[in-house]
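Chemist: Let me give you the structure first, and then I'll get to my questions.
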Amino acid sequence: MPAHEGDHFIGGAWISDAGNGWTESVSPNDGSILGTAPNGSAELAGRAVMVAREAFETTDWAQDPRLRAKALLDFADRLEAQKDSIARLMAWENGKVLGQAAHELAAGFGEARYYAGVARNVFGRTFESGPGKMSLMTREPSGVVSVIVPWNAPVTLLVRSVAPALAAGCSVVIKPAPQTPLTNAAVMACFSDVADLPDGIVNSVNEHGTEVGTVLSSHPEVDVISFTGSSRTGRTVMANAAATVKQVSLELGGKAPALVFEDAELDSTIAEIKRGALALNGQMCTCISRILVQDSIYESVRERLVSAFGNTRAGSALDAGVELGPLVDAHNQARILRIIDRAANEANLILRGDTGGERLAQGCFVTPSVFEIEDVSHPLVQDELFGPIVSLERFSDEADALAKANATRYGLASSIYTNDLNRSMRMSRKLKFGTVWINCHNRLLAEVETGGYRESGIGRLHGIEAMNDFLETKHIYWESGS
């Protein structure tokens, strides 16, 4: 690791302020200590906000789209140059299988390049309301943005908020997750090397607890909050933001269903569902967590799923051929094991996950579980479990499938498996989810907006619409006076 390891990054400088002590970064693969990071404080968070405010108000950043595009391209090049080392670090730090970590890095620098192009295409409009009367509608950066990042995708979920904020002309203060401070510092190092990025435009403050997050969601000099995380914490962020009426962009929890119809091609469907359910070891808000299967093929799909999940290759996230790495930490491992025990008592547990035996005993492993359940109102179906656990449910026809799939307070992502194009379009329009994939799952693109209905969030990230959260529209009215 570099000398700054997991330090804070404020005003273009690395800061080792550990007023609230230090956090050890523990690998969930084997329990080894990877490094340490200083814990931030309310005072340090407030200082970072004011540094970001000064940089926004006193530099040319907000008014120079070519500068912003150049800086984002430079950052993307530096992130790409470090992609292998950061992917390996991420796999060690949060347990993401190395191939998935490499894909995440590619998505990160790809997204930065996309918004570099968008930065030079932020247009307003004009309107002539009468002789000598002109309205000019400008799109201006909102100001200071706080970006609160989860541990499960510490690169892409950072870049997908920071890149459009920077493209819009804002400055940012980032709060990384306490489980991944070293990965975050490696990304900050890529920003620190960008010569065209003014000091104070990008800042980062670590936290272990809630002190820093509270400041970043309530400080009067923060204009926008971009938060990715649980719906429960999202409600707290909204409450904190209410006092100063901040703009909030929230991507929250999910309970993604996969709807399998009788005409689906089962070999590819089972493979796709397995990949979709086990992305980041089931710890992804868009992961498949419910599998709804039509009656006529239910028994066949049940048998195939148990076989597919039961034969999952679990192991260290850096080992070749591994499909399932460890959960992020021992706390979450214990939580998932409790949920499995609960499922055994309250549903038909047809595949029971475990810690992987002696071979995996040093890590935070839990192998996949599958349970059958009929009651869609049950907490096992309604709650976001965030682990390698899926429910198997029956449906009779399209109306039944829709009723069951939509019977949740979440609405982030879903997928449909059928060879009937008309059916896939009918279902897609009626499913209450921000994304519907057809015959696949978890296809996320920088160019295409993602976000949720209901308790899965507010606003959209990725694509052109992501810029809306970081821009204000101003009306300038002029009369010639003649």
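Read-outs: derived from the displayed coordinates by stated rules, not from any lab. Just so it is clear, the model here is predicted, and its values are computed rather than measured. Here the Cβ is made from the backbone with ideal geometry for all residues, glycine too, and neighbour counts use every protein chain on show.
Chemist: Toward the positive end of the charge dipole of the chain, about the Cα centre and with charges on Cβ (Lys, Arg +1; Asp, Glu -1), which of I416, G229, W14 goes farthest?
Modeler: Farthest towards the positive end: I416.
Chemist: Please report the antiparallel percentage of the DSSP beta bridges confined to the range 309-456, to the nearest 5.
Modeler: 35
Chemist: Assigning unit charges at the beta carbon (Lys, Arg +1; Asp, Glu -1) and nothing else, what dipole magnitude in debye, to the nearest 20, does the chain show about its Cα centre?
Modeler: Details: 43 positive and 59 negative charges, 144 e Å.
With only Lys, Arg, Asp and Glu charged at Cβ, the dipole is about 700 debye.
Chemist: OK, next. Based on the mean of other Cβ atoms within 10 Å per residue, sort peptides 302-314, 195-207 so the most packed one is first.
Modeler: 195-207, 302-314
Chemist: Can you list which of the GluC sites (Glu not before Pro) found in the range 332-436 are DSSP loop residues with at most 14 other C-beta atoms within 10 Å?
Modeler: Here the GluC sites (Glu not before Pro) that fit, given the DSSP loop and packing criteria, are E374.
Chemist: Just going by the charge dipole of the range 256-445, with Lys and Arg at +1 and Asp and Glu at -1 on Cβ, which of S369, A399, L445 is farthest out on the positive end?
Modeler: Going by the Cα projections, it comes out as L445.
Chemist: While we're on this one: So how strong a dipole does the range 256-445 carry about its Cα centre when Lys and Arg Cβ are +1 and Asp and Glu Cβ are -1, to the nearest 20 debye?
Modeler: Rounded to the nearest 20 debye, it is 580 debye.
Chemist: In the chain, with Lys and Arg counted as +1 and Asp and Glu as -1 at Cβ, which of these residues, N206, G169, A317, has the Cα nearest the positive end of the dipole, that is, farthest along it?
Modeler: Going by the charge dipole, the pick is G169.
Chemist: What does the charge count near A466 come to, summing +1 for each Lys or Arg and -1 for each Asp or Glu among other residues with Cβ under 12 Å from its Cβ?
Modeler: Local net charge: -4.
Chemist: With an 8 Å cut-off on Cα pairs and a minimum separation of 6 or more residues, tell me the relative contact order of the chain in percent.
Modeler: 19
Chemist: Whole angstrom only: what separates the Cα centroid of the range 190-223 from the Cα centroid of the range 226-281?
Modeler: Distance between centres, Cα-based: 25 Å.
Chemist: Here's something else I'd like to know. Mind checking which lysines have their Cα closer than 25 Å to the Cα of K83? Skip sequence neighbours fewer than 8 apart in that chain.
Modeler: Partners within reach: K70, K96, K175.
Chemist: If you don't mind, another one. Report the net charge of residues surrounding G253, where surrounding means a beta-carbon distance below 13 angstrom and charges are Lys +1, Arg +1, Asp -1, Glu -1. Please list the in-between numbers first.
Modeler: Numbers: positive: R232, R235, K255, R409, R454; negative: E251, D383, E384, E455.
Net charge in that neighbourhood comes out at +1.
Chemist: When the helices in the chain are scored as -39500 (n - 2.57) per DSSP H run of 4 or longer and the sum is shared across all residues, what 222 nm value do you end up with, to the nearest 500 deg cm²/dmol? Present the calculation step by step, with values, prior to reporting the outcome.
Modeler: Values: 14 runs with 178 residues, N = 482.
Helices in the chain give a 222 nm mean residue ellipticity of -11500 deg cm²/dmol.
Chemist: Still on this model: Add +1 for every Lys or Arg and -1 for every Asp or Glu among the other residues with Cβ under 11 Å from the Cβ of R53, and state the total.
Modeler: On the way: positive: R47; negative: E54, E57, E221, D223.
Here the charged neighbours net out to -3.
Chemist: Restricting to the chain, compute how many DSSP beta bridges are antiparallel as a %, nearest 5.
Modeler: Roughly 45 percent of the DSSP beta bridges within the chain come out antiparallel.
Chemist: A follow-up question, please. Could you give the C-alpha radius of gyration of the chain expressed as a fraction of 2.2 N^0.38 Å, taking N as the number of residues it contains?
Modeler: 1.01
Chemist: Moving to a separate point now. Tell me, how many Å apart are the Cα centres for the range 330-349 and for the range 436-482?
Modeler: Computed from Cα coordinates, the inter-centre distance equals 38 Å.
Chemist: By how many degrees, between 0 and 90 and to the nearest 10, does the Cα long axis of helix 83-94 differ from the longest principal axis of the chain?
Modeler: It is inclined by approximately 60 degrees.
Chemist: Please list the non-local residues whose amide H lies under 5 Å from the amide H of T23, H modeled 1.01 Å from N, same-chain partners needing a gap of 5 or more.
Modeler: A37, N39
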